[in-house]
Each structure stands twice: as C-alpha cells, then as structure tokens.
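Presented below is the structure to which this report refers.
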Amino acid sequence: MLDLDQLRTFVAIAEYGSFTRAAEMVHKTQSAVSMQMRRLEERIGRPIFMREGRLSRLTEEGEKLLHYARRLVQLNDETLAAFDETEVQGMVRLGTPDDYADRFLPEILARFSRSNPKAEVSVVCAPTANLIDLVVANELDVAIITHVEKPGGQRDEVIRREPLLWVTSARHAVENEDVLPLALGRATCGWRRAALLALRSVGREHRLLYSSWNSTAVGAAVLAGLAVSVLPESALRPGMRVLAEADGFPKLPECEIAVMRSWHQHSRVTEALVEHIISSLDNLSVPQAAE
C-alpha cells in the first residue's frame, strides 16, 4: 500500500519547490521529509528525484507519480470531509473576470462543492481593476485576477503563467489590412496596454474598433473576422488562429494569473476555496527545482 502521508509530503515538495519549504508546510523536519522520500522511492521501485548539483528535480517517473499522488490525496481529503461533522461551512465571496469564470470556474466549483457541501460561494464577475478595489474594500474575500503590481503590499500570489497571443479568425485575413483593426478590453486592461505598446514598438498602424470588458463580445468580433485581439493560450476558441512574429506581430509578455486574498478577515471556508483554486489552476509547480 502507498503511504498517504508520504504522498502528501511529495506533493508539497513539488508545489513549494524545495524540501525545506515543504517540511515547513507539512510540519516535519527536513530529515524526516528526506526519509519519507527515500521510503517512497523504495516503494515505487523507481527514482522520483534526480540530483543536479545542489538541486533535486522530478524525474519522468516522479512527474508521473505526481499526477496520481494529487488525485489520491484529494480523494482522501474529500472522503474525510464527507464524514466530518465539523466540515467547512459558511459563505465565501469570490471575484473573477468573466473570461476566467468561463474557463476555470466549472472545475473549481465542482471540486470545492464535493469537498465542502455545506459551504456557499457567492461569485462576482468584473474586470481585474474592479476586483482589486472590491477585495481592498472587504467586499470580496478572494479574487482570481490578472496579476498587476499593486501599492500598499496587498497579498497576491501568482499561480499560473500562460503566453499572451495575437489571435484572428481562422476563416478571414483581417490581419492583412493596412490599418490593423483591434478588439480589446477597456483602457485599464493590462492586455490592451501590452498590445498597443507592442504595435507601437514596431510601427504598425492600428485602430481600436471594438472595446469591451466582456470577453465574449471581444471573441465575437474576432470570430466574425472584424478585428484582431490578444488572449492567453488557454482562452483560444475553435475558429481562432494565432498570429506569430513570422506574421509581423511582435511577441507579447506572459499573462500571469494570481489569487488575491482580503486582509480584513480569514476563515476556513476562504482558505479551503483558495486551496481548490490553486490546485485547479497551478501550472508552476512541476518545473521548479527542489532543494
């Protein structure tokens, strides 16, 4: 039988990037963590870490194990929650832009509901700039936002990175117009600023044809062949085509997705939801080195 405690420690190492930090998270000494990983490797019969100088990285077998370990730990926690009379209860106020809601909320809410059937989630869809203000004003407990630098030290944890891409219709060639028509977010949108700055840097003439906070409206303009826009990789839809540097479009910065918590209050239900958001969206853990 596999030891769930060992698997939980293994997942912590992968997620936090080091044996030292994982030991703090699972409340064990570093030597105890190292012993657990040796025993887990013996049980699996394969090396799950490889040394690179002072660093340890997941082997191919380790990455394979991580997939199963997360599922086993999650199922264990969900099973215990189903019989726990002190399970998480109450309401948590979640904010997210509408495009993130469309892409990420189904999985997040389904997993959270299974683990915490007595908890209630109130969802507000708004642009990142508005969500930040709502969190600061204590009108939201947690928000999924596009990461931006914020004054005042507000807590913000980047949990996902994706390429930001130029997109056009797969059935049209609007990108070949002399003056490039664009469909972008409103003036405070970071993706809009990045797109306009990139076009100016290469001297490409352009005009803003459509402007909206609503991602569906922007996507409709692209799919209709009326304009070019910018989207993160995971937001691409059937019928869209990516435009690269070979097409004359400059490279864009990465899109960083973050979780922002309210500093006003902390609750079990909020932290439980944050854990599910991170586990659903996280794409940063596996490539990181473990010390």
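Ordering 206, 132, 33 by the projection of their Cα atoms onto the charge dipole of the chain, which places +1 on the Cβ of Lys and Arg and -1 on the Cβ of Asp and Glu, puts 206 at the extreme positive end. Compared with the dominant Cα axis of the chain, that is its longest principal axis, helix 30-44 is turned about 90°.
The relative contact order of the stretch 90-286 comes to 33 percent, based on Cα pairs under 8 Å that sit 6 or more residues apart.
May I ask you to compute the full-extension gain from residue 39 to residue 177, defined as 0.36 nm times their residue separation minus their alpha-carbon distance, rounded to one decimal in nm?
Values: separation 138, 0.36 × 138 = 49.68 nm, distance 6.25 nm.
My answer for the length gained is 43.4 nm.
What FRET efficiency would be calculated for the residue pair residue 67, residue 234, taking the C-beta separation as r and a Förster radius of 25 Å, to the nearest 0.05? Working from the Cβ atoms, E equals 0.85.
Against the chain, whose longest principal axis comes from its Cα atoms, helix 268-281 is set at around 70 degrees. A dipole drawn for the stretch 37-130 from +1 and -1 charges on Cβ atoms has a positive end, and of 97, 108, 66 the residue lying farthest that way is 66.
Gain in length, residue 79 to residue 268, computed as 0.36 nm per residue apart minus the alpha-carbon separation, to one decimal in nm?
Result: 66.3 nm gained on full extension.
When the GluC sites (Glu not before Pro) in the stretch 1-101 are filtered for DSSP coil states and for at most 14 other beta-carbon atoms within 10 Å of their beta-carbon, the remaining sites are 85. Global size of the stretch 78-235: 19.1, 65 Å for Rg and Dmax (C-alpha atoms, Rg to one decimal, Dmax whole).
The protection proxy used here, the mean number of other Cβ atoms lying within 10 Å of each residue, ranks peptides 203-214, 132-143, 220-231 as follows, highest first: 220-231, 132-143, 203-214. Against the chain, whose longest principal axis comes from its Cα atoms, helix 190-201 is set at around 50 degrees.
With N the number of residues in the chain, Rg(Cα) / (2.2 N^0.38 Å) evaluates to 1.16. Between the alpha-carbon centres of the stretch 16-55 and the stretch 209-237 there is a gap of 44 Å. Placing one equal scatterer on every Cα of the stretch 4-82 and applying the Debye formula, the log10 ratio I(q)/I(0) at q = 0.27 Å⁻¹ is -1.45.
Under the convention that each Lys and Arg Cβ holds +1 and each Asp and Glu Cβ holds -1, the size of the dipole of the chain around its Cα centre is about 340 debye.
A short reminder: the numbers here are calculations on the coordinates, not readings from a lab. All figures in this text were calculated on a predicted structure; none of them were measured in a lab. For neighbour counting, all protein chains shown are included, and Cβ atoms are generated from backbone atoms with ideal geometry for every residue, glycine included.
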